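**Q** Let me begin by handing over the structure; questions about it come next.
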Amino acid sequence: MSASGGTKAIVAALLANLSIAVAKFVAFLFSGSSSMLAESVHSVADSGNQGLLLLGGRKAQREATPQHPFGYGRERYIYAFLVSIVLFSVGGMFAIYEGYEKIKHPHEIEHWYWPVGVLVFAIIAETFSFRTAIKESNVLRGRKSWKEFVRHAKAPELPVVLLEDLGALVGLILALGGVGLALLTGDSVWDGIGTLCIGVLLILIALVLAVETKSLLLGEAAGVEEVKKIEASIVDGDTVTGIIHMRTLHLGPEELLVAAKVAVRHDGTATEIASAIDAAEARVRESVPIARVIYLEPDIYSEAEAAKGSDREASPGGPSHSSGH
């Protein structure tokens, strides 16, 4: 997986979750806390999710084949979507079920120091994992807000790890609150309420991940900045005089398809036009290196063709220098 895939953040989260899962399950065995059981399953699910992300990154590196001529870059989107399903079903639904059972049939928490000690340890470990994810994300985030980064990132791994780690930290605090209130009041129903809150939290995070990865699976266009660079690179003002219409599509996080119908001089020879198209492709690849699959179709500008292929109105005075996405 490439650096933008956040392999370091995934591995850090995997190691943290595996160690935390073992500690939580031991604490559950000694205390009988439903919050600890829910958190144990949560950590196991998170560990499996990080394994899915790593597997998706490896599978995405396969070479293109005649059956899959554009390669396997979208494997990363598929496995990220599976993560949301696992988080929803295994993590969220199990926690809600366990919380309901604990509220319906409460029983006293035994050996309270086990769950409290493990939760404090887990919060520390998850904080380090979350810190790594934030550090890796900042490299790509730039000036975007965190909301914009999660919504518009083309590589799914870092947003997934960020949301998982955030959910894990909040879940741990909820579990600690549930156990703490159960111990202070002597009413273990609070432990069940904490478990229910963890389940609702996990389902909400899973839904956000599902929506974002679904958009990537459907196929997203290049970002606004990349589109501007591509448009500027295609037009040379000589042989290629403008863009009639253009489409871009992410074949994977680091692979972009560009297809455009471009306006050329009506008096240009076939050799001149072919050379201009080749030069335009070279400029696009230089300005946007992830634009690896480029199809440019030369044509004589007409308002009818521009209107037919573009989402936006073509400028009435000549070829459009913009594209619709």
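The values are calculated or read from the model by the stated rules, or taken from the named source; none is laboratory data. All of these numbers come straight from a predicted model, not from anything done at the bench. All Cβ positions, glycine included, derive from the backbone under ideal geometry; neighbour counts span all protein chains shown.
**Q** Tell me the residue from PHE130, PHE94 that is on the phi < 0 side of the Ramachandran plot and within 21 Å of the chain's Cα centre (by Cα), please. First the steps, then the outcome.
**A** Numbers: PHE94 fails: within 21 Å of the chain's Cα centre (by Cα).
Checking each option against the conditions leaves just PHE130.
**Q** Note down all Cβ pairs under 6 Å where the first residue falls in the stretch 265-279 and is closer than 21 Å to VAL293 by Cβ, the second is among the hydroxyl-bearing types (Ser, Thr, Tyr), and they're at least six residues apart or on different chains.
**A** Short answer, once both residue conditions are applied: ALA276/THR239.
One line per residue, one yes/no per condition, for (1) closer than 26 Å to LEU82 by Cα; (2) modelled with pLDDT of 85 or more; (3) assigned to a helix (DSSP H, G or I):
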residue	(1), (2), (3)
PRO106	no, no, no
VAL118	no, yes, yes
GLU126	yes, yes, yes
PHE149	yes, yes, yes
LEU158	yes, yes, yes
LEU207	yes, yes, yes
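**Q** Name the residue that is farthest from TYR97 (Cα to Cα), counting only residues in the stretch 6-60 that are touching a Pro at 6+ places or on another chain (Cβ under 8 Å) and either polar (S, T, N, Q) or not assigned by TED's automatic domain parsing to the domain that holds PHE81 (or both).
**A** Result: SER31.
**Q** For the stretch 198-244, give me the residue count where each residue is under 15 Å from the mean Cα position of the chain (by Cα) and without any contact (Cβ under 8 Å) to a residue 24 or more places away in the chain.
**A** Of the residues in the stretch 198-244, 3 are under 15 Å from the mean Cα position of the chain (by Cα) and without any contact (Cβ under 8 Å) to a residue 24 or more places away in the chain.
**Q** Select from the stretch 209-252 the residues that are farther than 30 Å from SER89 by Cβ and assigned to a strand (DSSP E or B) and list them in ascending order.
**A** First pass over the stretch 209-252, keeping only residues farther than 30 Å from SER89 by Cβ: 221-249.
The answer is VAL240, THR241, GLY242, ILE243, ILE244, HIS245, MET246, ARG247, THR248, LEU249.
**Q** Scan the stretch 97-130 for residues that are farther than 21 Å from VAL22 by Cα and of a type outside the set (Ser, Thr, Tyr) and jot them down. Even if it seems obvious, please write down each step before you answer.
**A** Taking the stretch 97-130 as the starting set, the residues that turn out to be farther than 21 Å from VAL22 by Cα are 97, 100-108.
Hits for the stretch 97-130 are GLU101, LYS102, ILE103, LYS104, HIS105, PRO106, HIS107, GLU108.
**Q** If a residue must be among the hydrophobic types (A, V, I, L, M, F, W, C), surrounded by fewer than 19 Cβ atoms within 10 Å (Cβ to Cβ) and within 19 Å of the chain's Cα centre (by Cα), how many such residues does the stretch 53-72 contain?
**A** In the first step, residues of the stretch 53-72 are kept if they are among the hydrophobic types (A, V, I, L, M, F, W, C); the result is 53-55, 60, 64, 70.
Now restrict to residues that are surrounded by fewer than 19 Cβ atoms within 10 Å (Cβ to Cβ): 54-55, 64, 70.
Retained after the next criterion (residues that are within 19 Å of the chain's Cα centre (by Cα)): 54-55.
Going through the stretch 53-72 one residue at a time, the tally reaches 2.
**Q** Out of the residues in the stretch 161-191 meeting the condition of being in a helix (DSSP H, G or I) and acidic (Asp, Glu), tell me which one is farthest from ARG131 (Cα to Cα).
**A** First pass over the stretch 161-191, keeping only residues in a helix (DSSP H, G or I): 161-185, 189-191.
Pick out the ones that are also acidic (Asp, Glu) and you get 164-165, 191.
Numbers: GLU164: 13, ASP165: 9, ASP191: 28 Å.
Among those that are in a helix (DSSP H, G or I) and acidic (Asp, Glu), it is ASP191.
**Q** Sticking with this structure for a sec: With among the aliphatic types (A, V, I, L, M), surrounded by fewer than 22 Cβ atoms within 10 Å (Cβ to Cβ) and within 19 Å of LEU196 (Cα to Cα) as the only criterion, which of VAL44, VAL22 stands out?
**A** Numbers: VAL22 fails: within 19 Å of LEU196 (Cα to Cα).
Selected residue: VAL44, the only one of VAL44, VAL22 that is among the aliphatic types (A, V, I, L, M), surrounded by fewer than 22 Cβ atoms within 10 Å (Cβ to Cβ) and within 19 Å of LEU196 (Cα to Cα).
Results for (1) over 17 Å from VAL160 (Cα atoms); (2) in contact (Cβ under 8 Å) with a residue 40 or more places away in the chain; (3) among the aromatic types (Phe, Trp, Tyr), shown as yes or no for each residue.
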position: ALA9; (1), (2), (3): no, yes, no
position: ILE20; (1), (2), (3): yes, yes, no
position: PHE28; (1), (2), (3): yes, yes, yes
position: ALA45; (1), (2), (3): no, yes, no
position: ASN49; (1), (2), (3): no, yes, no
position: GLN61; (1), (2), (3): yes, yes, no
position: THR65; (1), (2), (3): yes, no, no
position: ARG76; (1), (2), (3): no, yes, no
position: ILE85; (1), (2), (3): no, yes, no
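**Q** With respect to GLU164, is the statement that it is more than 30 Å from GLU101 (Cβ to Cβ) and assigned by TED's automatic domain parsing to the domain that holds TYR113 true?
**A** no
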